[in-house]
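Asker: Please read through the structure below; I'll follow up with questions.
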Amino acid sequence: MKTLRVNTGSRQAAYENLKPEYRDLGNRGLVARVGLDEIPPACDPIGPENKLVIAQSLLAGTILATSGRMSIGGKSPLTGGIKEANIGGMIGKALTAHGIKLLIVEGAPANDDLFILLVKNDGSPELIERNDLVGMGNFTLVHQLREAYGQDSEMLVIGPAGEKLFRNACILATDYSTKEPCRAAGRGGLGAVMGARRLKAIVVQKAAKPYRAQPARPEEYRAASSALHKAIAENGAVQARTKYGTFGGVRKNAETGILPVKNFRSIPFDGIDKIDAQAIVDQLDRNGGKYGLSCQTGCLIKCSNYYVDKGGRHTASSLNYEALGLCGPNLLIDSLDTVAEIKQICDDAGIDAIEMGAALGLLMEAGILAWGDEKAAIDMAKQIVSGGEFSNEFQMGIEAFGTFLKVERIPAVRGQSFAAYDVRVNKGMGFGYLAGTMGADHTVGGGDPDAEGSYVKSTIFKMNMMAAFDSVFCLFMMQPILMDKTIAASFFKVLSAYFGQPWDMQRLLKVGSDSVTQEFQFNQAAGVGKAVMPKMFVDEKSGISCSAFDIDYEDQTARIQAAYLGGSLS
Ligand code: SF4
């Protein structure tokens with residue numbers, strides 16, 4: 001496979017050989033390595049020196065289910081450290097079909113010209129000036145680009161938010177089932193990193209001669225993959241996820257106080273019957289929506305959906321737990337239709353729905369919007385994305401936004417909003433926010449306390465685990481592999497047959513620990529300081545679990561960082 005390097009400053013796009021040391025890296029691990037090799041850690045995240053790094057999986061180009069998920073990274077405008085966001089949709093497979101393992105977008109035009117990158121059927125890349133696309137929302141954009149470059153093209157796009165360098169802007173990818181730009185590299189503001197390159201879209205035409213990866217032991221690889229796929233498809237937890245998507249835990253999270261309610265007050269939510277997993281499935285059935293959809297070909301879990309509201313109007317795709325939690329109960333809103341509408345506004349503008357939900361919560365906290373006012377929430381989301389009042393302050397991220405609003409309860413670590421989990425109940429996740437490399441990102445991983453109450457060992461294990469699985473495929477494959485020894489054995493047979501060498505959990509964890517180590521190295525060089533748990537979680541007890549976030553974290557997080565940077569990981 002190869003590297004495609006694109007420079008919007010010099011207006012060049014050309015292939016390079018993939019460095020040998022990158023060959024056995026994938027997704028998050030490759031982003032971490034390239035970030036350290038190529039991005040000056042002290043650079044301005046939205047300045048010309050930052051780069052957008054797009055990396056394919058360790059097993060890209062194989063038949064392994066969900067290995068078409070890819071990672072996007074760079075220096076985060078929100079956290080100031082390295083950021084990796086894993087993204088579904090078809091774009092990873094489309095790039096891989098052209099043999100592109102790594103795509104680096106760098107530079108910035110001297111003027112404000114806007115570009116798209118077109119990868120043509122024959123693989124040749126072209127940067128095309130498209131100033132006519134300035135300010136265009138993602139749905140119209142994808143429609144127009146498909147008209148121009150082919151209905152079977154796959155895309156990565158930014159909306160107006162990315163163009164305007166909103167620090168909470170995301171990047172959207174086109175989805176297999178719905179064809180819509182509804183799959184997000186959501187966290188960390190990577191849309192602004194792409195926007196700073198003045199790159200509006202990456203359009204990939206169907207490869208004339210698709211690349212296929214060659215396993216070291218092809219027959220064994222095929223047999224092991226088939227066995228793994230069969231076991232995954234028959235797994236009960238997977239089947240539940242196919243039906244209920246990412247919503248399976250909504251009710252339990254509400255009962256335990258994990259669900260964010262009224263700007264993370266961890267209190268009972270009266271509207272739970274209207275938004276739990278069964279309510280969502282019932283509503284989709286009733287209104288002609290769909291669930292059990294896959295974001296990319298070959299996925300066996302199929303957690304996605306096509307949302308249709310009570311009026312029979314299709315309003316959103318790939319509605320997910322995070323958007324529901326932050327744009328629903330967090331605002332005391334119990335209407336799925338409203339949540340879907342806010343999610344769609346975010347997808348069109350290219351904004352992380354988690355950040356939007358958190359920001360609307362701050363506006364309610366400040367008394368500017370009334371709690372539970374659905375119309376006001378939708379109108380405000382529209383106003384913010386279209387440059388109206390509060391847009392300038394919102395785009396700096398919720399920490400700055402909350403400070404501007406003079407709100408004290410701001411659920412953010414390192415400038416990034418909490419995902420939809422209250423950390424007074426899910427304390428391990430809160431500890432992971434503080435100990436990890438990416439702020440309040442729920443995919444970083446946090447552990448449980450040991451007999452002495454220490455989170456150090458378990459969190460290192462969890463962070464390595466998350467980074468390792470993120471380097472291979474969709475994180476939803478992790479659960480059945482960790483819970484079922486037979487599935488795990490099949491998975492390691494797949495890796496062993498592909499690489500022609502024995503793979504086991506230790507080797508996989510090494511992939512993760514290398515990645516996290518490089519992320520810590522980047523952050524240290526970038527001067528990323530200590531993370532602090534917001535006082536609201538420390539001072540206020542959960543109204544359900546009656547506990548506060550009471551982990552004595554400073555020493556423990558310092559020990560974790562020292563373990564990675566000092567090379568003393570076991
Ligand atoms: S499990 Fe869901 S998010 Fe993961 S690849 Fe499949 S459809 Fe996409």
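The values are calculated or read from the model by the stated rules, or taken from the named source; none is laboratory data. All of these numbers come straight from a predicted model, not from anything done at the bench. For neighbour counting, all protein chains shown are included, and Cβ atoms are generated from backbone atoms with ideal geometry for every residue, glycine included. Ligands, DNA and RNA are stripped out before the accessible areas are found, and what is left, the full protein with its side chains, is counted by its heavy atoms. Shrake-Rupley method; radii C 1.70, N 1.55, O 1.52, S 1.80 Å.
Asker: By how many nm would the segment from ASP448 to ASP539 lengthen if fully extended, with 0.36 nm per residue of separation less the alpha-carbon distance? Display every interim value, and only then the final one.
Answerer: Details: separation 91, 0.36 × 91 = 32.76 nm, distance 2.13 nm.
Gain on extension, ASP448 to ASP539, equals 30.6 nm.
Asker: Probe radius 1.4 Å, ligands and nucleic acids ignored: give me the carbon and sulfur share of the accessible area of the stretch 242-417 as a rounded percent. Write down the numbers at each step before the final one.
Answerer: Numbers: 2950 of 6010 Å².
It is 49 percent, rounded to a whole number.
Asker: Relative contact order (percent) for the stretch 242-417, with alpha-carbon contacts under 8 angstrom and 6 or more residues of separation? Could you put the intermediate results ahead of the total?
Answerer: Working: 308 pairs, mean separation 31.7, N = 176.
It comes to 18 percent, rounded to a whole number.
Asker: Sequence-distant or interchain residues sharing an amide H contact under 5 Å with GLN296, placed H: which?
Answerer: GLY89, TYR176
Asker: Something else: Please report the carbon-and-sulfur percent of the accessible area for the stretch 2-204; probe 1.4 Å, protein heavy atoms only, DNA, RNA and ligands left out.
Answerer: Working: 2660 of 5630 Å².
Roughly 47 percent, rounded to a whole number.
Asker: How far apart, in nm, are the 7 Å Cα→Cβ label points at ALA42 and GLN383?
Answerer: So the label points at ALA42 and GLN383 sit 4.2 nm apart.
Asker: Additional query: Using the per-residue mean of other Cβ atoms lying within 10 Å as a proxy for protection, in what order, highest first, do the peptides 499-505, 244-250 fall?
Answerer: Numbers: 499-505: 13.0, 244-250: 21.7.
So the peptides 499-505, 244-250, ranked by packing, come out 244-250, 499-505.
Asker: Would you mind checking the stretch 448-466 for residues with the amide N under 17 Å from a putative spin-label position 7 Å along Cα→C-beta of LYS252?
Answerer: Backbone N within reach: 448.
Asker: Highest mean first, how do 460-470, 414-424 rank when packing is the count of other Cβ atoms within 10 Å averaged over residues?
Answerer: Details: 460-470: 24.1, 414-424: 27.3.
By packing density, highest mean first, the sequence is 414-424, 460-470.
Asker: Quick one: compute the contact order of the chain, relative version, from alpha carbon pairs under 8 angstrom and 6+ residues apart, as a percent. Please list the in-between numbers first.
Answerer: Details: 1377 pairs, mean separation 91.0, N = 570.
Over the chain, the number comes to 16 percent.
Asker: Still on this structure: Beyond 29 Å between alpha-carbons counts as too far, so tell me which of LYS75/LYS530; LYS2/LYS206; LYS93/LYS230; LYS206/LYS310 fall in that bin.
Answerer: Numbers: LYS75/LYS530 17 Å; LYS2/LYS206 17 Å; LYS93/LYS230 22 Å; LYS206/LYS310 37 Å.
Listed pairs above 29 Å: LYS206/LYS310.
Asker: At most 11 other Cβ atoms within 10 Å and a DSSP loop assignment: could you name the trypsin sites (Lys or Arg not before Pro) in the stretch 488-546 that fit? List each step's numbers first, then the result.
Answerer: Numbers: sites: LYS493, ARG507, LYS510, LYS530, LYS535, LYS541; in loops: LYS530, LYS541.
Hits after loop and neighbour filter: LYS530.
Asker: With a probe of 1.4 Å, find how much accessible area the stretch 1-66 has per residue, and write the answer as a whole number in Å². Intermediate values should be presented prior to the final figure.
Answerer: On the way: 2440 Å² over 66 residues.
Here the per-residue accessible area is 37 Å².
Asker: Suppose we take every Cα in the chain and form the convex hull; what volume per residue is that in Å³? Before the final figure, lay out the partial values.
Answerer: On the way: hull volume 77.2 nm³, N = 570.
So the per-residue Cα hull volume is 135 Å³.
Asker: Could I ask something else about it? Pairs LYS51/LYS493; LYS302/LYS382; LYS200/LYS493: which exceed 32 Å Cα-Cα? Walk me through the numbers on the way to the answer.
Answerer: Working: LYS51/LYS493 36 Å; LYS302/LYS382 30 Å; LYS200/LYS493 41 Å.
Correct reply: LYS51/LYS493; LYS200/LYS493.
Asker: Can I ask one more? Could you give the length gained by full extension between SER568 and GLU126, i.e. 0.36 nm per residue of separation minus their alpha carbon distance, to one decimal place? If you can, show how the numbers build up before the last one.
Answerer: Working: separation 442, 0.36 × 442 = 159.12 nm, distance 4.56 nm.
154.6 nm is the gain from fully extending SER568 to GLU126.
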